[in-house]
Amino acid sequence: MIWTRQKERGSIAALRLMAWIVTRLGYGFGYALLWPIALYFFLSSPRQRQAVRRFQRRALGREPGLRDIFRTFFVFSATLLDRLFLLGNRFQDYELKVFGLDLLNERIARGEGCILLGAHLGSFNAMHAVADTGCPVEVVALMHTQNATKSASFFAELDPRQAAAIIPLGQPDAMLRAKECLERGGLVGILADRTPGTGKVTRVPFLGDPAAFPLGPHILAGVLGAPVMIAFGVWTGRRRYEVHFEPFADRITIDRRDRQAQLELVATRYAARIEQVARRFPYNWFNFYDFWEEMDA
Amino acid sequence: MSSVVATEAEVAELIVEALHLEVSPAEIDPEAPLFGEGLGLDSIDALEIALAVSKRYGFQLRSDDERNGQIFASLRNLSAHIDKNRVK
């Protein structure tokens, strides 16, 4: 898939500089720098601009202007800035609106663990913030790390505790770790909107056209038999986030017969829900690649 | 037939059954990699194998075992590990 090959934008030097600025000169100074930073990403990434345009055309239902496209780059940069700033656990400076926390807590209380299906939509850190402020159980995330190794190792260096909560996909025992976390009543986060280079994929309707979605997360949920929720945290303004937890399935059951058809049904339902969220928060969609496989190489 | 070879045949069958593979158990090369190349399994497959193994042989494959890379490397290694740890 294209995104795994896509060169990671932003060198370590730039991240280090941003980290230094927010910690020494303060958030306000960092925030002011977002404009030139976002502008730099915007101007230097024609393919990503094109990808955002194609997404927004569908999500907004109109031809996006440059202002719309720039806004996605800005929001993305803002979440990056917050990620650096939040490494110091300064959540008290943020306004976090959390929806569905009672539903999540209900599931946690059952002790069966819970699978949180996310997407590359908004910020994982906003969800970490919720976990950090009083989640009684452990939280781990399954992630493809081959794409973002440079920044992943940078953030790991800054915050080893957070790095320990990431299970890199690709090792045979990755899912065993997820299973054991659920057995201890923990939460396992999985992003279910990007397909890895290999593995099981289906094409389901997304914003009007078929797009590739992975089946892996739903197979996993079926095998593990834990309750499943959809979870995402979106940037809604300067130091403001909304975090949503929504029920998705009490458990996903996949019979042996019609396995493929049942999995496709679950993936379709997931894509339909993510579509609604993407329409509601279009500038938080951070899949900067050819999502519908329609762009010229 | 030695017990290791017998286990290998049995585990091959278990893998094919657990993962609904379209190869026959005898076609799995005992020394070929199970994951990535070779049989081309992924980590969800590994989980399903681990669940099937615990059901059939009564012991858990765990993620904190440092030898996992080796255990899951081939049918031969996995079978040898099962032979050593099985309780039924």
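Conditions (1) aliphatic (A, V, I, L, M); (2) within 25 Å of residue A:70 (Cβ to Cβ), marked per residue:
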| residue | (1), (2) |
| --- | --- |
| A:205 | no, no |
| A:224 | yes, no |
| A:232 | no, yes |
| A:273 | no, no |
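Would you mind stating whether residue A:173 is acidic (Asp, Glu), within 18 Å of residue B:43 (Cα to Cα) and at pLDDT below 95? So residue A:173 passes the test.
What residue, of A:224, A:191, is in contact (Cβ under 8 Å) with a residue 60 or more places away in the chain, at negative phi, in contact with a His (Cβ under 7 Å, 6 or more places away or on another chain) and open to solvent by 10 Å² or more (accessible area, probe 1.4 Å)?
A:191
Per the conditions (1) surrounded by fewer than 19 Cβ atoms within 10 Å (Cβ to Cβ); (2) within 25 Å of residue A:219 (Cβ to Cβ); (3) hydroxyl-bearing (Ser, Thr, Tyr), the sole criterion not satisfied by residue B:3 is (2).
Only one entry of A:219, A:274 meets the criterion of being of a type outside the set (Phe, Trp, Tyr), open to solvent by less than 50 Å² (accessible area, probe 1.4 Å) and away from chain B (no Cβ under 14 Å), and that entry is A:274. For the stretch B:50-59, a residue qualifies if it is open to solvent by 10 Å² or more (accessible area, probe 1.4 Å) and more than 9 Å from chain A (Cβ to nearest Cβ), and the qualifying residues are B:52, B:54, B:55, B:56, B:58, B:59.
Counted as qualifying within the stretch A:163-270 are the strands (runs of 3 or more DSSP E) with 1 or more residues that are in contact with a helix residue (DSSP H, G or I) (Cβ under 6 Å, 6 or more places away or on another chain) and not aliphatic (A, V, I, L, M), namely A:201-206, A:209-214, A:228-237, A:240-249.
Is there a residue in the stretch B:36-49 that is open to solvent by less than 60 Å² (accessible area, probe 1.4 Å) and more than 13 Å from chain A (Cβ to nearest Cβ)? No, that holds for no residue.
Being touching a Leu at 6+ places or on another chain (Cβ under 6 Å) and either on the phi > 0 side of the Ramachandran plot or in a helix (DSSP H, G or I) (or both) is the requirement here; does residue B:49 meet it? So residue B:49 does not fit the description; no.
Residues considered: B:31, B:13, B:17, B:22. Of these, the only one that is within 11 Å of chain A (Cβ to nearest Cβ) and either within 10 Å of the chain's Cα centre (by Cα) or open to solvent by 30 Å² or more (accessible area, probe 1.4 Å) (or both) is B:17. Residue A:52 falls short on exactly one of the conditions (1) part of a helix (DSSP H, G or I); (2) open to solvent by 60 Å² or more (accessible area, probe 1.4 Å), and that condition is (2).
Using the structure shown, decide if residue B:49 is closer than 17 Å to residue A:176 by Cβ and at pLDDT below 90. No; evaluated as a whole, the condition is false for this residue.
If only residues of the stretch B:66-88 that are within 11 Å of chain A (Cβ to nearest Cβ) and surrounded by 15 or more Cβ atoms within 10 Å (Cβ to Cβ) are counted, the one that is nearest to residue A:179 (Cα to Cα) is B:68.
The values are calculated or read from the model by the stated rules, or taken from the named source; none is laboratory data. Not measured: the values here are computed from a predicted model. Virtual Cβ from ideal backbone geometry, glycine too; neighbours counted across all protein chains shown. Surface accessibility is based on the protein's heavy atoms, side chains included, excluding ligands, DNA and RNA. Shrake-Rupley method; radii C 1.70, N 1.55, O 1.52, S 1.80 Å.
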